Amino acid sequence: MSEKFDTSRLPRELSSVFEELVARDPHQLEFHQAVYEVLMTLTPLVTRKPEYQDLAIFERITEPERQVMFRVPWSDDQGQIHVNRGFRVQFNSALGPYKGGLRFHPSVNLSIIKFLGFEQIFKNSLTGLPMGGAKGGANFNPKGKSDAEIMRFCQSFMTELQRHIGPDTDVPAGDIGVGGREIGYLFGQYRRLRNSFDAGVLTGKGLTWGGSFARTEATGYGLVYFAEEMLRARGTSFDGKRVVVSGSGNVAIYATEKAQELGATVVAVSDSSGFVVDEAGIDVELLKDVKERRRGRVSDYANQRSSARFSAEGSIWEVPCDVALPCATQNELPLEGVQALIRNGVQMVAEGANMPTTPEAIDELRSAGVLYAPGKASNAGGVATSGLEMQQNSGRTQWPFEETDAKLHQIMVGIHENCLATADEYGVPGDYVAGANLAGFIKVADAMVAQGLI
Ligand code: NDP
């Protein structure tokens, strides 16, 4: 039994699944949290879909199909040898090849990769594209490393990973700490080892060697497209809104760019050292220059802009706003953060990161009537565009930016509609969490039923 999660809120059929899972892996708290949050919304399926229980779908879907852990030895620029741990959790392939990003961050462990892989199953299902769910990474800290060190690490990582992936098997992409540079080194090593230009083996590639237009922008833009639909459903829009975005990486930068294009003012961004408030609105080109080109800190942004001030103390969630977009990492928005947002009149929280809001904070948002979008729906634009990259790779073609962006927009509108329609169908109108979990889950579960006991 996990002490952190109240299993009395689950029906007996689901609480036993959860308790057994906790007993099997008692230290995997992030994984427990992700599963608990999904199970909490699946109660109606116990009676409406009795075949799921008969066929042990709940037990099977919460156990990865395959988990790989491996040693990643590499040498730094001084010739000193380091050893990191690599992971790939291939969670579910009922809908298509495994698909999900790679994370390089010192906090990475099996629990974090399992939570991310579990979420990925339902997110990928929601996109409507044929993709299973997976996640991987390493407890490697890219910060402060030279390009040559990053390259050697990526080459060592891929030397093992290549045995487990392939365009029809498993297609990794980026996540925290893995961007265009890392995907390039990983792809180069894969190509060398296999003697084959399998463009479809990784997504997030460079535009001249198999990449898709709009992939870099996709998660942030997709988040704002989804959030725009939520606001529209409430008869409002981004125009004139004050927005706070946490993080300043890939997702945060392009969420900021798109929100401002739609007439909002993004007044704050952050990184792990603190946050910047810029009442004049974030200068996205300067932010890109600092973070993407110079790999600097948000404090460097503040140093170059007179309207901005940097704080190493306090919380970004204390900055008054109408819309909050958490785009950094898991559990970054705790109860106190949400209480501050509500005190300051927040109307909507839409997640760009995966599981950024803690369970108590979600409860608080929902009871205060604040619009809330779970990441598995609102940040699905990244993987959706990765799915579009795979389609282009299969056809050996490349669509223009506008065409790809229009498809992304259409997919996000479709996910929004699906969430609302499913929430209505299950008697919880307007509940995006239940809508996303139920819609994503049912599609995968039905495929598992159809494919037999595997
Ligand atoms: P990046 O590595 O580009 O940026 C991550 C940002 O979050 C950085 O500003 C980083 O600051 C900050 N951050 C990371 N860890 C912490 C922490 N423990 N505390 C405070 N700040 C932190 O990653 P992405 O933008 O790609 O990913 C951000 C989130 O979005 C993740 O949850 C990821 O899983 C999710 N996501 C990403 C997708 C994508 O396509 N990239 C797709 C769907 C979801 P610092 O530099 O100081 O570490």
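Here the Karplus curve 6.51 cos²θ - 1.76 cosθ + 1.60, taken at θ = phi - 60°, turns the phi angles of region 155-172 into couplings of 5, 5, 4, 6, 4, 8, 4, 4, 5, 10, 10, x, x, 10, 10, 7, 10, x Hz, with x standing for Gly and Pro.
With Cα atoms defining each centre, region 151-220 and region 36-94 are spaced 21 Å apart in the structure. With contacts taken as Cα pairs under 8 Å at a separation of at least 6 residues, region 88-132 carries a relative contact order of 57 percent.
Tell me whether region 208-272 comes out rounded, prolate or oblate; compute the Cα gyration tensor, take square roots of the eigenvalues as a ≥ b ≥ c, and use a/c under 1.5 as the rounded threshold. In terms of gyration-tensor shape, oblate. Centroid-to-centroid, using Cα positions, region 347-375 and region 279-323 are 23 Å apart.
Looking at region 137-287 alone, DSSP beta bridges between its own residues are antiparallel in about 65 percent of cases. Among beta bridges identified by DSSP and lying wholly in the chain, the antiparallel ones come to about 55 percent.
Taking the fewest neighbouring Cβ atoms within 10 Å as the starting point, the ordered list for Trp209, Trp317, Trp74 is Trp209, Trp74, Trp317. Among Arg305, Arg366, Arg71, a tally of other beta-carbon atoms within 10 Å of each Cβ gives an order, fewest to most, of Arg71, Arg366, Arg305. Maximal additional length on extending the Glu402-Gln304 stretch stands at 32.0 nm, based on 0.36 nm per residue less the C-alpha distance. Taking all Cα pairs closer than 8 Å and separated by 6 or more residues, the relative contact order of region 315-454 comes to 17 percent.
Classified by the C-alpha gyration tensor, region 1-73 has an oblate form. Its axis ratio a/c, with a ≥ b ≥ c, is 1.5 or above, and a/b does not exceed b/c.
Shown for Phe5, Phe140: other C-beta atoms within 10 Å of each C-beta, ranked fewest to most, produce the order Phe5, Phe140. As a calculated quantity, the FRET efficiency between Ser16 and Asn344 at R0 = 35 Å, using C-beta atoms, amounts to about 0.25.
For a straight C-alpha distance cut-off of 28 angstrom, the lysines reachable from Lys49 (same-chain residues fewer than eight places away being disregarded) are Lys99, Lys114, Lys123, Lys376, Lys443. Which parts of region 107-129 would a label at Glu63 reach, counting a residue when its backbone N lies under 20 Å from a point 7 Å out along Cα-to-Cβ? Answer for region 107-129: 110-122. Working from label points 7 Å from Cα in the Cα-to-Cβ sense, the Ser146 to Glu285 distance is 3.3 nm.
With contacts taken as Cα pairs under 8 Å at a separation of at least 6 residues, region 178-247 carries a relative contact order of 19 percent. Where only DSSP H runs of four or more residues are counted, the chain gives -14500 deg cm²/dmol as its mean residue ellipticity at 222 nm, each run worth -39500 (n - 2.57). Amide H contacts under 5 Å for Gly296: Lys291, restricted to partners 5 or more places along the chain or on a different chain, H placed in the peptide plane at 1.01 Å from N. Shown is the FRET efficiency for Arg181 and Ala233, computed with R0 = 41 Å from the Cβ-Cβ distance and rounded to the nearest 0.05: 0.60.
Taking label positions 7 Å along the Cα-Cβ direction at both Asp6 and Asp363, the computed distance is 0.4 nm, reported to one decimal.
The numbers here are math on the coordinates, done by the rules we state, and not lab data. Predicted model, so just to flag it, every value in this text is computed and none were measured. Backbone-built Cβ (ideal geometry, glycine too); neighbour counts: all protein chains shown.
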